[in-house]
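Student: First, the structure itself, so that you have it in front of you.
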Amino acid sequence: MTALDVTPVGAAAPEHIPYEPPRAIRWSGTGLVLVCLAAFPLVFPNPAVTQIAVTTMIYLVAAAGWNIFSGYSGYISIGHAAYYGIGQYTVALIVMHAKIAAGWDTFTLLPVAGVVSAILAVPIGFLLLRVRKHTFIILTVAMMFILQSLAFNFSWWTNGSGGLELPPATWQGSFYNEPFYYVGLAAAVVACAVSWWVRRSKYGLGLLSIRDDEDRAQGLGIHVTSSKLIAYAASAFFVGVAGGLYAPFIGSVYPQFGFDPLFDLAVAVVVFVGGIGTLSGPVIGALLLVPVQGYFYLQFGSENLFLIAYGVLFILILRLLPGGIAPAVTQLWRRVLVVRQQRQAALARSGPGPAPALGGDEVAR
Amino acid sequence: MLVLQAIIEGILIGGFYALMAGGLTLVFGVMDIVNFAQGILVVLGAYLSYALFTHLSLDPFLSLLITLPGMFLIGVAVYWSMIRPIKRDRVIMSLLVMFAVGTIIEGILDLIFTSNLVQIHTSYVNSSVKVGSLVFADIYLYAFAMAVVLLAGVYYLLYRTRFGRSLRASMQNPTAARLVGINTDWVSAFTLGIGVALAAAGGMVFGLTNSFDAASSYDLISRVLAIVIFGGFGSLTGALLASVIMLSIEDVVAVVWSPTWSQTMFYVVLVLVLLARPQGLLGRKAVRAQ
């Protein structure tokens, strides 16, 4: 029993039952979610609502990125706020020094924020990935605090605890949130596409085998160090992009909100609730938890009741759906298939003639 | 002279950090659980002593007679209600559950005590003694003495009692411990209780020496985790050594360089040590699960 054991999902059903719904359902479901997300601000233009929507997108980008590394490789990082902060400071400092015009031009800095995060992630990841399991978890937190205190202490550069101000966007009023929302949605789509590609590729299989048994994976010829490092940098890229979007949205950068321990935990919690190591997990988690969080915050106002409600909700989800929502849905789906197959077998025994086997191509997969 | 003073002060402060870190490392050793709520439990202990002091004017050190058993029961209750029902992926799930428990406690504390910073102001909080040219705050000396007494108690419990033998057996091999008839459930429950009670003792001193609110827990938990990792997960002696070393380093850096960098150095030292020795000072080398 190790920290990173992941019990195979739906272990109750026999192996030949497919682990996912048929392609038609998957693609139409993805399309439906995309259409709903694209139409959302048009249907609910209330700024209070769209603000939560923008936050949701930022968390979705970060969660999908986090999952590429922590979900697939099994190395749980709760220090990814390091790259959230780096992304924020990158955008803020470039806007300040290069005199980038506020507004749409700021969005062109998003890839820059991502690339800077990814480049910095390479040496940091190289150091951190020498250790495993709990030690790795704690080291990621320690690294995040080191960067936070650097941001506090290099005040000639980051203005320390005074923080940096970004000029407000050129668009105003009730339309203010929409551009951030759509840029966030686009970034989220890219993050999920990369996550999808990794999950399907041979490289991704290598990562998954590292999660299951790193030493054995190495024995089988997987370049474990470079695999982990690439995934780490890729996830840092997307978390950096999320930070780069957050900074101009809020209009300021502070060390304690850029390198924010709460953000670390929030992203991990989002992915765990959705289903860690799954493609849809981060999406489900972010679309569910972040709005609920925002709603609680609006509803209860004060921070403390919000914390209590959030904690209780979290325990309930963990109790009812251990392993996350996405695996629970898969398990349900597989159980339906098993029941259907048994019914067909019973029919075949009683009825005349050979019964058709359950969708032959599915069994083959 | 300043450096010597800083080192001794670091050792004294390290004493009560050892209480919190010791609780965490014991719980980890027995149950493989990273108790993420330890930070907020320390703050809970501080608030309990604060409430008893302000409302009943009970001396904080005397209030331990109430808070230690109380927090012990909280730990046992948390084990039976939250940790024991977890069936799969215990390590990660219990970490998340403890995080959720911590969030709830933080919300409740914030609700009752508001987010204004408070401190336990006893009569002796600002007095100090002079030894040669060195000056020590009384409170640190008392706290250190208390930490020594409590930790000696824990060591006695671990190495001289039947319960301690069961606990160490559960630490080494839970399955074998169950096979020879040890009720590992009760051992785990008591261990979490002891860990939480130690957090209460550490919290009482924390409340005497710092002004705090519920949000102080984040700083605390990251420091305590750093200490535990530094000392080696599951090693009580390692946790003691690590607390003393880390706090001394932090104090010395604050004196010879600048207080703003002491926090950074704390984590830099941690990263450096772990790169050289991933299992921590006294941790056992991880054996690969077959």
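Student: Quick one: which of A:169, A:188, A:217 is farther than 13 Å from residue A:69 by Cα, touching a residue at least 24 places away in the same chain (Cβ under 8 Å) and not in a loop (DSSP other than H, G, I, E, B)?
Tutor: Criteria check complete, one pass: A:188.
Student: If you don't mind, there's one more thing I want to ask. Got a sec? Which of A:102, A:121, A:82 is surrounded by 23 or more Cβ atoms within 10 Å (Cβ to Cβ), of a type in the set (Gly, Ala, Ser) and either away from chain B (no Cβ under 14 Å) or not in a helix (DSSP H, G or I) (or both)?
Tutor: The unique qualifying residue is A:121.
Student: Can you confirm whether residue A:158 is at pLDDT 85 or above, polar (S, T, N, Q) and surrounded by 17 or more Cβ atoms within 10 Å (Cβ to Cβ)?
Tutor: For residue A:158, the condition - at pLDDT 85 or above, polar (S, T, N, Q) and surrounded by 17 or more Cβ atoms within 10 Å (Cβ to Cβ) - is not met.
Student: Do you know which residues across the stretch A:285-328 are part of a helix (DSSP H, G or I), within 11 Å of another protein chain (Cβ to nearest Cβ) and either in contact with a Lys or Arg (Cβ under 7 Å, 6 or more places away or on another chain) or among the polar types (S, T, N, Q) (or both)?
Tutor: Once the filter is applied, which keeps residues that are part of a helix (DSSP H, G or I), within 11 Å of another protein chain (Cβ to nearest Cβ) and either in contact with a Lys or Arg (Cβ under 7 Å, 6 or more places away or on another chain) or among the polar types (S, T, N, Q) (or both), the stretch A:285-328 yields only A:304.
Student: Also, quick follow-up: Which number in (1) over 16 Å from the mean Cα position of the chain (by Cα); (2) on the phi < 0 side of the Ramachandran plot; (3) surrounded by fewer than 24 Cβ atoms within 10 Å (Cβ to Cβ) marks the one condition that residue B:57 misses?
Tutor: With respect to (1) over 16 Å from the mean Cα position of the chain (by Cα); (2) on the phi < 0 side of the Ramachandran plot; (3) surrounded by fewer than 24 Cβ atoms within 10 Å (Cβ to Cβ), residue B:57 is out only on (2).
Student: Separate question: Which numbered condition in (1) more than 30 Å from residue B:223 (Cα to Cα); (2) assigned to a helix (DSSP H, G or I); (3) free of Cβ contacts under 8 Å to residues at least 60 places away in the same chain is the only one that residue A:180 fails?
Tutor: For residue A:180, the exception is condition (3).
Student: If a residue has to be surrounded by 23 or more Cβ atoms within 10 Å (Cβ to Cβ) and more than 19 Å from residue A:127 (Cβ to Cβ) to count, how many in the stretch B:251-281 make the cut?
Tutor: Summing the residues that are surrounded by 23 or more Cβ atoms within 10 Å (Cβ to Cβ) and more than 19 Å from residue A:127 (Cβ to Cβ) in the stretch B:251-281 gives 1.
Student: Please state which of the following conditions residue A:251 fails to meet, knowing it meets all the rest: (1) surrounded by fewer than 19 Cβ atoms within 10 Å (Cβ to Cβ); (2) under 19 Å from residue A:187 (Cα atoms).
Tutor: Single failed check for residue A:251: (2).
Student: Still on this model: Taking residue B:253 as the residue in question, decide whether it is touching a helix residue (DSSP H, G or I) at 6+ places or on another chain (Cβ under 8 Å), touching a residue at least 12 places away in the same chain (Cβ under 8 Å) and either away from chain A (no Cβ under 14 Å) or within 28 Å of residue B:158 (Cβ to Cβ) (or both).
Tutor: No, not satisfied.
Student: While we're here: Of the residues A:176, A:181, only one is surrounded by 21 or more Cβ atoms within 10 Å (Cβ to Cβ), aromatic (Phe, Trp, Tyr) and over 25 Å from residue B:92 (Cβ atoms); which?
Tutor: A:181
Student: When you scan the stretch A:63-81, do you find a residue that is in contact with a Leu (Cβ under 8 Å, 6 or more places away or on another chain) and closer than 24 Å to residue A:178 by Cα, even just one?
Tutor: Among the residues of the stretch A:63-81, not one is in contact with a Leu (Cβ under 8 Å, 6 or more places away or on another chain) and closer than 24 Å to residue A:178 by Cα, which makes the answer no.
Student: Would you check which residues across the stretch B:57-68 are assigned to a helix (DSSP H, G or I) and without any contact (Cβ under 8 Å) to a residue 24 or more places away in the chain and list them?
Tutor: B:62, B:65, B:66
Student: Looking only at the stretch B:94-117, count how many residues are more than 9 Å from every other protein chain (Cβ to nearest Cβ) and surrounded by fewer than 17 Cβ atoms within 10 Å (Cβ to Cβ).
Tutor: Number satisfying all stated conditions: 2.
Student: Residue A:50 - would you say it is within 18 Å of the chain's Cα centre (by Cα), assigned to a helix (DSSP H, G or I) and under 29 Å from residue A:254 (Cβ atoms)?
Tutor: So residue A:50 does not fit the description; no.
Student: Would you confirm whether or not the stretch B:115-129 contains a residue that is aromatic (Phe, Trp, Tyr) and without any contact (Cβ under 8 Å) to a residue 60 or more places away in the chain?
Tutor: Yes, the stretch B:115-129 contains a residue that is aromatic (Phe, Trp, Tyr) and without any contact (Cβ under 8 Å) to a residue 60 or more places away in the chain.
Student: Same structure again: Considering (1) without any contact (Cβ under 8 Å) to a residue 60 or more places away in the chain; (2) buried (at least 21 other Cβ atoms within 10 Å of the Cβ); (3) among the aliphatic types (A, V, I, L, M), say which one residue A:144 fails and leave the rest.
Tutor: The failed condition is (1).
Student: When the stretch B:91-144 is examined, which residues are found to be among the aromatic types (Phe, Trp, Tyr) and under 30 Å from residue A:306 (Cα atoms)?
Tutor: B:99, B:113
Student: Restricting to the stretch A:124-141, and then to whatever is out of contact with any Phe, Trp or Tyr (no Cβ under 7 Å at 6 or more places or on another chain), part of a helix (DSSP H, G or I) and within 9 Å of another protein chain (Cβ to nearest Cβ), can you tell me which residue is surrounded by the most Cβ atoms within 10 Å (Cβ to Cβ)?
Tutor: A:139
Student: Answer yes or no as to whether residue B:36 is outside any helix (DSSP H, G or I), among the aromatic types (Phe, Trp, Tyr) and either out of contact with any Pro (no Cβ under 7 Å at 6 or more places or on another chain) or more than 26 Å from residue B:234 (Cβ to Cβ) (or both).
Tutor: So residue B:36 passes the test.
Student: Of the residues A:283, A:269, A:273, which is surrounded by 20 or more Cβ atoms within 10 Å (Cβ to Cβ), touching a residue at least 60 places away in the same chain (Cβ under 8 Å) and of a type in the set (A, V, I, L, M, F, W, C)?
Tutor: The conditions single out A:283.
Student: Spot the failing condition for residue B:218; the list is (1) closer than 26 Å to residue A:151 by Cα; (2) away from chain A (no Cβ under 11 Å); (3) in contact (Cβ under 8 Å) with a residue 60 or more places away in the chain, and only one is missed.
Tutor: It is condition (2) that residue B:218 fails.
Condition check ((1) within 11 Å of chain A (Cβ to nearest Cβ); (2) outside any helix (DSSP H, G or I); (3) of a type in the set (Asp, Glu); (4) touching a Lys or Arg at 6+ places or on another chain (Cβ under 7 Å)) across all residues:
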site: B:16; (1), (2), (3), (4): no, no, no, no
site: B:29; (1), (2), (3), (4): no, no, no, no
site: B:43; (1), (2), (3), (4): no, no, no, no
site: B:50; (1), (2), (3), (4): no, no, no, no
site: B:55; (1), (2), (3), (4): no, no, no, no
site: B:70; (1), (2), (3), (4): no, no, no, no
site: B:88; (1), (2), (3), (4): yes, yes, no, no
site: B:92; (1), (2), (3), (4): yes, no, no, no
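The values are calculated or read from the model by the stated rules, or taken from the named source; none is laboratory data. This structure is a prediction, so every number in the text was calculated from the model and none was measured. For neighbour counting, all protein chains shown are included, and Cβ atoms are generated from backbone atoms with ideal geometry for every residue, glycine included.
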